[in-house]
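Before anything else, here's the structure in question.
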Amino acid sequence: MNRETKNRIGRWSITASHRIALLLIIFGAQVQTVRGQTESPRGVQNEAGTLPDAPSGDEELRLVGAVDLALKQNLEIQVANIETASKQQDRLLARSELLPRAGFEANDAVTRYNTKAQLGVQPAIIPHSVGAYQSLHVGPGFSTPIFDLTLIRQYQGSGHRLLASRAEEQTVREETVLLTVSEYMAHLRALASITAAQSRVELATRLAHQADDLLRDGVASKIDVSRAQVRLREEQQRLIDARRDADTTLYALKRILNVPDSRQIEFADQQDFFSTPSLELSDPLSTALERRPELHALSERIKAAESAHQAAVAESLPNLSFEGGWNEQGETFNTMTPGYEYRFSVKLPIFTGGRLRAERKSTALAEQRTQKQLAQERNQVTEQVRDGQVELQSALHQVDLGRQEVQLANEEVTLSQGRFQSGVTDNIEVTQAQDSLARANDTEIGALFRYNIARAQLARAVGTVEQTYTHP
């Protein structure tokens, strides 16, 4: 081969390579442009990191609104949504393994062989080297599975895992509602404690002034005045503690609602804390066993484990696939001729060193473990429902007794104050009556808080907490 021929081949190869490279770059740019236009992020916050549903300015909030806000903005729920979306993509990936695949391939090569290196000998009739020569291949190719039971079982398992993820997402929603109600009621409890403490501070202030007046009139002694001042300081300290609890519970509630710390919130339903709404449930245990999302998630996990075991068994079976391609072949673009290749493939594992047997055993054990977890979860649901019923009934009785105790304590304060005013006795009885009133207030507020929490926990145990507090 003379020098001019070699130079011509070199120019052909460079020109063809540039053309193919340019074609692939343009094709890749178009694919990226289409992909960027069709794909849009879901569930992404704005650049400032805030959420569009967050309230602006001072917000008047009720329990129903707090629950709705938590369901929209709580970060745990957003993470659960992302996990469900991820499982959806896993299902699409599993489905793609069952669908045909097609692609486009283009390559350009310049090759030169050493004859002796390739054949091991140097025949006299064959040149010492072959080439350099150019080869072009341009055309589409495809492949598709015809029968692969393993891929089918894996696709079925991905569907069950997606349903399990959705049930787990509902579990997160239920837990978020319960947490929101608990923190909301804790804050209302703190506000009620502030109101009661302020009332007792006003009462202690009046009694302290009364002790000063009686001291000037010669009816009371100095120790009565000191005792009244000590009582006033105690009530002021309880007021400080109640305000501290209100601040901490408010911060916790803002975290759950995912609102800025600087946001001012006004609670418009403080008086609802003192009500005891009932929870209408015809058959709580049957409803819980039917509706609890944890049970649905584990049921789907069992089905997914069954599919995984069937997929492991199917790996011992033959699978059939079909692939091929059509292209243009030649030394240059001007000398190309059509070419094609079609191929059927059958694969059957014969010896895998015990891997297939171990996979079958492992997937069977995973299925058994999930079944045991489901049985254990059913027992826990039964226990939670029964405990919730007992706790709710007990809390309701405690609320009735607490209200009676507050009424009696107020009467005791009034009577002792009158006795002290008339000089019949010192203010020890008044101080004791104030102690009784403080304990009665704490008892009533604590009983109301326990009732509201018990109601929410029973609704959670039954699986209706979101329905109960979003549609009261």
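The values are calculated or read from the model by the stated rules, or taken from the named source; none is laboratory data. Keep in mind that this is a model prediction, so the values were computed, not measured. Glycine also receives a Cβ, built like all others from the backbone with ideal geometry; neighbour counts cover every protein chain displayed. Side chains are part of the model used for accessible areas, which takes the heavy atoms of the whole protein and leaves out ligands, DNA and RNA. Shrake-Rupley method; radii C 1.70, N 1.55, O 1.52, S 1.80 Å.
Work through the residues other than ALA311 whose Cβ is under 13 Å from its Cβ and net out their charges, Lys, Arg +1 and Asp, Glu -1.
Details: positive: ARG153, ARG161, LYS303, ARG360; negative: GLU97, ASP148, GLU306, GLU315, GLU359, GLU367.
My count for the surroundings of ALA311 gives -2.
Okay, next question. Where does the charge balance sit around GLN170 when Lys and Arg score +1, Asp and Glu -1, over other residues with C-beta under 13 Å from its C-beta?
Residues near GLN170 contribute -4 overall.
Could you give the length gained on full extension between VAL79 and ILE350, defined as 0.36 nm per residue of separation minus the Cα-Cα distance, in nm?
Values: separation 271, 0.36 × 271 = 97.56 nm, distance 4.41 nm.
Once the chain is fully extended between VAL79 and ILE350, it gains 93.1 nm.
While we're here: Among the aspartates and glutamates, which fall within straight-line cross-link reach of LYS372, defined as a Cα-Cα distance under 16 Å, with same-chain neighbours fewer than 8 residues apart omitted?
Result set, ordered by chain and number: GLU294, GLU300, GLU306.
Can you give the FRET efficiency to the nearest 0.05 for ARG255 and ILE428, using r as the Cβ-Cβ distance and R₀ = 35 Å? Each step should come with its number before you reach the end.
Numbers: r = 46 Å, r/R0 = 1.32.
Between ARG255 and ILE428 the formula returns 0.15.
Any idea how far the Cα center of the stretch 61-127 sits from the one of the stretch 169-191, in Å?
Going from one Cα centre to the other spans 41 Å.
How far is helix 3-38 tilted off the main Cα axis of the chain, in degrees rounded to 10, range 0 to 90?
It is inclined by approximately 30 degrees.
Pairs of alpha-carbon atoms within less than 8 angstrom and 6+ residues apart define the contacts here; what relative contact order does the stretch 268-407 have, in percent? All intermediate terms of the calculation are to be shown ahead of the outcome.
Numbers: 97 pairs, mean separation 43.2, N = 140.
Dividing the mean separation by the residue count of the stretch 268-407 yields 31 percent.
Helix-derived [θ] at 222 nm for the chain: sum -39500 (n - 2.57) over DSSP H runs of at least 4, divide by residue count, nearest 500? Before the final figure, lay out the partial values.
Working: 11 runs with 317 residues, N = 472.
Theoretical 222 nm ellipticity from helices: -24000 deg cm²/dmol.
Among LEU317, MET185, LEU458, whose Cα lies farthest out toward the positive end of the dipole of the chain, if unit charges sit on the beta carbon of Lys, Arg (+1) and Asp, Glu (-1)?
Of the options given, the answer is LEU317.
With a 1.4 Å probe and all protein chains left in place, how much of the accessible area of the stretch 192-288 comes from carbon and sulfur atoms, in whole percent? Before the final figure, lay out each step's value.
Details: 2550 of 5320 Å².
The value for the stretch 192-288 is 48 percent carbon and sulfur by accessible area.
Could you work out how far helix 75-96 tilts from the main Cα principal axis of the chain, as a 0 to 90 degree angle to the nearest 10?
So the inclination is approximately 20 degrees.
7 Å from Cα along Cα→Cβ at both ARG386 and VAL230: what's the point-to-point distance in nm?
5.0 nm
Taking the Cβ of GLY324 as the centre, find all other residues whose Cβ is under 9 Å away and add up their charges (Lys, Arg: +1; Asp, Glu: -1).
Here the charged neighbours net out to -1.
How many angstrom separate the Cα center of the stretch 360-382 from the Cα center of the stretch 409-452?
Value for the Cα centre distance between the two parts: 56 Å.
Quick one: compute the contact order of the chain, relative version, from alpha carbon pairs under 8 angstrom and 6+ residues apart, as a percent. Present the calculation step by step, with values, prior to reporting the outcome.
Details: 612 pairs, mean separation 104.6, N = 472.
Dividing the mean separation by the residue count of the chain yields 22 percent.
Between helix 149-217 and the chain, what is the angle of the helix's C-alpha long axis to the longest principal axis, kept within 0 to 90° and rounded to the nearest 10?
20 degrees
Set the Förster distance to 35 Å, then compute FRET efficiency between PHE147 and ASN107 from the Cβ-Cβ distance, nearest 0.05.
Values: r = 32 Å, r/R0 = 0.90.
Efficiency for this residue pair is about 0.65.
Report relative contact order for the stretch 370-472 in percent, whole number only (criteria: Cα-Cα under 8 Å, sequence separation at least 6). Show your work: numbers first, answer last.
Details: 70 pairs, mean separation 40.8, N = 103.
For the stretch 370-472, the relative contact order is 40 percent.
Excluding residues fewer than 8 places away in the same chain, name every one of the lysines whose C-alpha is closer than 26 Å to that of LYS254.
List returned: LYS72.
In the chain, which longest range has no GluC sites (Glu not before Pro) that are both DSSP loop (not H, G, I, E or B) and surrounded by at most 12 other Cβ atoms within 10 Å? Can you show the working numbers first?
Values: sites that count: GLU39, GLU47, GLU280.
Between exposed loop sites, the widest span is 48-279.
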